[in-house]
Amino acid sequence: MINVCVTLDFDDDWLARVAADTEGVTLRKHLASRTEDLPADLLAETDVLYTSTVFPSPEQAPRLRWVQLDTSGCDHVRHTPLWRSDVPVTTIGGVSPKPLAEYVLMMILAHAHHLPAMLRLQDRPHWPDFDHRWNRLMPRMLPGATVGIVGYGRIGQEIGRLARAFGMNVIGMRRGAARTGERYGDSVDETGAEVVGPDGLHGLLGRSDYVVLTVPYTDATHHLLDERAFAAMRPGTVLVNAARGGVVDETAMLAALRSGRLGFAALDVFATEPLPLDSALWKEPNVLVTPHVAGFAPAYHEQVRTLFTENLRRFAAGHELLNLVDRSVGY
């Protein structure tokens, strides 16, 4: 019997369907946000843990043989005893590429069609004259514009596919060859994008009208966009950050916004979350703040149930798990 502990508030039907689809599994739900919130005897009997924030040490969970995260990223696990153990960790990567890609295109379109400026007119309220509308609200051309996608994996490729539908050129940056191992939601990249490695970052920045961040947050990507990176951009570049706040040096970003190097920034993630009320980003002109919602997936419960059930079957059969984290690269 495989003992599974779920620390999230999935309903009874979700739990029952997972259990019914996997022989030899017992599921127990115990809501917890910290390891200390779980009873010691429950942890001691747990073989599989489905969680977002509970990361026990080997001493606390001696039978633990696999942890399924309810997040696409795993940067919040890197400094825990679990990370230093040999217990396999998997993510729910692949659940939200489509809605996240739509978020990115929404932000690109919002900039191209001056949505923030028109919302400010509505707030006043004010109907501008024809000269204002023609000279200041004329849409920017997306066909022929270039989007540089930093982090050209599942999400980046979906963004590229949508961007190509608008006639945009696509440059993607990724660490190297495609990841080994099976991953949920993988598909063939048919965007025809130009793909560069990390050493091509500044070249990508200098050629892009729109820069999109979907790269995992690791030691290697901490402050990937720093002062030198912003200096490599062409004046008026648009930034969309749907990755993690730590990928961007926010001090350097503010300087780039105020100098005009950045023309607009749509930011869904921040170095500190929730974004502090005294942050300059709330009221900075040409910044659109959203509260870490880009990755929300409408069919989330059904998708994660499908992924987790498939991984449970693989675990029970001794087969390779989907979305296995590679600790050597940090994601």
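Applying the condition of being of a type in the set (Val, Ile, Thr) and over 19 Å from the mean Cα position of the chain (by Cα) to region 224-257 and asking which residue is surrounded by the fewest Cβ atoms within 10 Å (Cβ to Cβ) yields 251. Restricting to region 140-177, and then to whatever is assigned to a loop (DSSP other than H, G, I, E, B) and of a type in the set (D, E, K, R), can you tell me which residue is surrounded by the fewest Cβ atoms within 10 Å (Cβ to Cβ)? Here the residue is 140. The residues of region 149-189 that are closer than 30 Å to residue 314 by Cα, at pLDDT 95 or above and small (Gly, Ala, Ser), listed by number, are 151, 156. When you scan region 195-204, do you find a residue that is of a type in the set (Val, Ile, Thr) and not in a loop (DSSP other than H, G, I, E, B), even just one? Checking region 195-204: at least one residue is of a type in the set (Val, Ile, Thr) and not in a loop (DSSP other than H, G, I, E, B). Look at residue 67 and say whether it is surrounded by fewer than 23 Cβ atoms within 10 Å (Cβ to Cβ) and at pLDDT 95 or above. Judged against the criteria, residue 67 is not a match. Across region 1-43, the number of residues qualifying as of a type in the set (Val, Ile, Thr) and either more than 13 Å from residue 308 (Cβ to Cβ) or assigned to a loop (DSSP other than H, G, I, E, B) (or both) comes to 4.
Please work out if residue 131 is without any contact (Cβ under 8 Å) to a residue 24 or more places away in the chain, of a type outside the set (Gly, Ala, Ser) and surrounded by fewer than 20 Cβ atoms within 10 Å (Cβ to Cβ). Write out each step before concluding.
On the way: without any contact (Cβ under 8 Å) to a residue 24 or more places away in the chain: yes; of a type outside the set (Gly, Ala, Ser): yes; surrounded by fewer than 20 Cβ atoms within 10 Å (Cβ to Cβ): yes.
Spelling it out, residue 131 is indeed without any contact (Cβ under 8 Å) to a residue 24 or more places away in the chain, of a type outside the set (Gly, Ala, Ser) and surrounded by fewer than 20 Cβ atoms within 10 Å (Cβ to Cβ).
Let me confirm something: among 37, 123, 41, which residue is in the same structural domain as residue 164 (by TED's automatic domain parsing), among the acidic types (Asp, Glu) and farther than 28 Å from residue 182 by Cβ? Of the residues listed, the single one that is in the same structural domain as residue 164 (by TED's automatic domain parsing), among the acidic types (Asp, Glu) and farther than 28 Å from residue 182 by Cβ is 123. Screening residue 52 with (1) surrounded by 14 or more Cβ atoms within 10 Å (Cβ to Cβ); (2) more than 23 Å from the chain's Cα centre (by Cα); (3) small (Gly, Ala, Ser) gives one miss only, at (2).
Every test in (1) buried (at least 18 other Cβ atoms within 10 Å of the Cβ); (2) assigned to a helix (DSSP H, G or I); (3) in contact with an Asp or Glu (Cβ under 8 Å, 6 or more places away or on another chain); (4) of a type outside the set (Gly, Ala, Ser) is passed by residue 270 save one, and that test is (2). Would it be correct to say that residue 108 is modelled with pLDDT of 95 or more, in a helix (DSSP H, G or I), within 30 Å of residue 94 (Cα to Cα) and among the β-branched types (Val, Ile, Thr)? The answer is yes for residue 108.
When region 59-77 is filtered for residues that are in contact with a helix residue (DSSP H, G or I) (Cβ under 6 Å, 6 or more places away or on another chain) and assigned to a loop (DSSP other than H, G, I, E, B), the ones remaining, listed by number, are 60, 61.
The values are calculated or read from the model by the stated rules, or taken from the named source; none is laboratory data. None of the values given here were measured: they were computed from a predicted structure. Positions of Cβ are generated from backbone atoms using ideal geometry, with glycine treated the same way; all protein chains shown enter the neighbour counts.
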